[in-house]
Amino acid sequence: MTILVTGATGRVGRQVVDQLVSRRADVRVLVRDPSKARFPSEVAVVQGDMLDIDSLRRALAGVRTLFLLNAVAGDEFTQALIALNIARECGVERVVYLSVMHAERFVNVPHFAVKSGAERMIEQMGFSATILRPAYFIDNELMIKDVVVNHGVYPMPIGSKGVAMVDTRDIAEVAAIELIRRNEAAERLPVETINLVGPHTLTGPELASIWSDVLGRPVGYGGDDPGAFEQNLSGSMPKWMAYEMRLMAERYVSDGMVPEAGDVERLVGMLGRPLHAYRDFVAEVAG
């Protein structure tokens, strides 16, 4: 009863593999460069990518459950649709898909719209699936750490509605729990959606305040201007991606990313422990 993990060398995927191995699951991964994978010896490695049909067929042969993770890319939607089609062709019926919170609402943001479309495809193709919808990753804050520490400004335009940032360790553990639950189920389970959030919903000024407390010196909030955020990002990533991040930030400012009633309690119940908090993350990276 093999589980295939895609995106296995990324921040979430690698932790999903580790979680599955610790639970003694039969794990296979699809990676572009096996020499850089460095997984435990019991993990089967297939070389290829999400647009290589032959490697997808090899990777999915004999698989019972698929963990589908597509990185943000210009062809992300094509990758997702091909992977799901090949999975069905290979007889895979059970899927855990890493989507994004508010995928159906933030449809002007390309990678949100992609994931909304993939969710619809999963349902219409009849997969037995868990849709995981994480909020903004806490770990993304590593990209702005130097700005905060060196310039005393929290630059991410979060706004005043608040975002319940989630730690990738919590995402990976919930994913592993759901993969094993579906993989070991005696019968097909219905489609289920789980919001993945952090324990606290924090505004832009509150995030800056946490950095200030931890660093012991003033950190100001840079404000709600997504245009300035895009301009800063465009020097370190493709311009289309910087623009996409701007669109996402605009929705944080206008709508926020706030958990639904019971989301936090549900996750705590699944994990049997508290969720990782933003303040603890800041203390780790600032230390």
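Since every read-out is calculated from the coordinates, none of them should be taken as a lab result. Values in this document were obtained by computation on a predicted structure and should not be read as measured data. A quick note on method: Cβ atoms are made from the backbone with ideal geometry, for glycine too, and the neighbour counts reach across all protein chains shown.
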Spin-label model distance (nm) - Arg24 vs Trp240, 7 Å beyond Cα toward Cβ: 4.7
Expected-Rg normalisation [2.2 N^0.38 Å, Cα atoms] applied to region 226-275: 1.67
Separation of alpha-carbon centers, region 253-267 and region 83-112, rounded to whole Å: 21
Mean Cβ neighbour count within 10 Å, used as a protection proxy, ranking 214-223, 58-67, 268-277 highest first: 58-67, 214-223, 268-277
Helix-derived mean residue ellipticity, 222 nm - over the chain, DSSP H n ≥ 4, -39500 (n - 2.57), to 500: -13500 deg cm²/dmol
Computed lengthening from Glu192 to Glu123, 0.36 nm per intervening residue step minus Cα-Cα distance: 23.8 nm
Asp280 paired with Ala73, simple spin-label distance in nm, labels 7 Å along Cα-to-beta-carbon: 3.3
Residue order, fewest to most beta carbons within 10 Å, for Arg169, Arg181: Arg181, Arg169
Using θ = phi - 60° and Karplus 6.51 cos²θ - 1.76 cosθ + 1.60, couplings along region 238-246 (whole Hz; Gly, Pro as x): x, 5, 5, 6, 4, 5, 4, 5, 4
Hydrodynamic radius of region 5-155 per Kirkwood, over alpha carbon pairs, in Å: 16.5
Rounded Å value of the spacing that divides the Cα centres of region 157-228 and region 229-245: 21
Calculated diffusion of region 168-278, Stokes-Einstein form, Kirkwood radius summed over Cα pairs, 20 °C and 1.002 mPa s, µm²/s: 126
Whole-number D in µm²/s for the chain (Stokes-Einstein; Kirkwood sum over Cα pairs; 25 °C, 0.890 mPa s): 125
